[in-house]
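Below: one structure, written as structure tokens.
The values are calculated or read from the model by the stated rules, or taken from the named source; none is laboratory data. Given the structure is predicted, the values throughout are model-derived calculations rather than measurements. Counting neighbours? That spans all protein chains shown, and the Cβs are built from the backbone with ideal geometry, glycine included. Accessible surface areas use protein heavy atoms only, side chains included; no ligands, DNA or RNA. Shrake-Rupley method; radii C 1.70, N 1.55, O 1.52, S 1.80 Å.
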Amino acid sequence: MTVRLRLTVPTDLPFVCDVEQAPENAPFILPWTEERHREALDDPDILHMIAEKTETGHPVGYVIIAGLASPHHSIELLRITMAVKRHGYGRRVLRQIKEWAFREQKAHRLWLDVKETNGVARALYLSEGFREEGILRDCLKTGDTYESLVVLSMLADEYEA
């Protein structure tokens with residue numbers, strides 16, 4: 001099955017919030033309220049998209065990209081969260097985002113951060129050519145504990161190589 005990206009519409013937001021709250025996703029993201037997602041739909045600096053099966057239109061996840069108005073040509077993959085796992089949809093979506101960022105948007109840099117404990121996502125990003133830049137140590141407080149974020153990026157020349 002192939003996957004495509006389309007703009008998120010307000011009627012998609014319950015799906016987006018459900019995906020965020022799913023037990024397999026919630027530990028790895030900082031969930032937004034439905035209202036925050038709604039605001040993002042109208043933000044010219046943010047691209048909010050649904051990933052869906054091309055053949056059926058069934059949603060399998062969502063993506064949030066920021067930095068569209070960056071004068072530095074630096075685009076942030078703010079969130080990629082999949083509802084359907086272990087089918088390769090996340091990798092396919094990530095490849096579409098890279099192509100969009102570097103070929104269509106002419107970005108110089110595509111970057112993201114990921115929780116240090118999210119080994120599956122880190123392995124995916126590294127296998128797709130992202131490089132680790134550093135760790136933001138204990139920058140998130142979750143309950144009584146602190147968590148670190150790993151910053152990864154890819155530059156346009158690295159994508160082209």
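So the values come out like this:
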quantity: Which listed residue, of T81, T142, is closer than 15 Å to F28 by Cβ, at pLDDT below 95 and among the β-branched types (V, I, T); calculated: T142
quantity: Selection from the stretch 26-73 of residues that are of a type in the set (S, T, Y) and more than 14 Å from the chain's Cα centre (by Cα); calculated: T33, T54, T56, S70
quantity: Qualifying position, being in contact with a Cys (Cβ under 9 Å, 6 or more places away or on another chain) and in contact (Cβ under 8 Å) with a residue 12 or more places away in the chain, among E34, E24, E52; calculated: E34
quantity: Single residue of the stretch 21-31 satisfying the filter (open to solvent by 70 Å² or more (accessible area, probe 1.4 Å) and outside any loop (DSSP other than H, G, I, E, B)) that is farthest from I80 (Cα to Cα); calculated: Q21
quantity: Contacts under 7 angstrom Cβ, first residue in the stretch 4-20 being without any contact (Cβ under 8 Å) to a residue 24 or more places away in the chain and in a helix (DSSP H, G or I), partner surrounded by 12 or more Cβ atoms within 10 Å (Cβ to Cβ) and of a type in the set (D, E, K, R), 6 or more apart; calculated: C17/E34
quantity: Given (1) open to solvent by 70 Å² or more (accessible area, probe 1.4 Å); (2) modelled with pLDDT of 95 or more; (3) not in a helix (DSSP H, G or I), index of the condition E52 fails; calculated: (1)
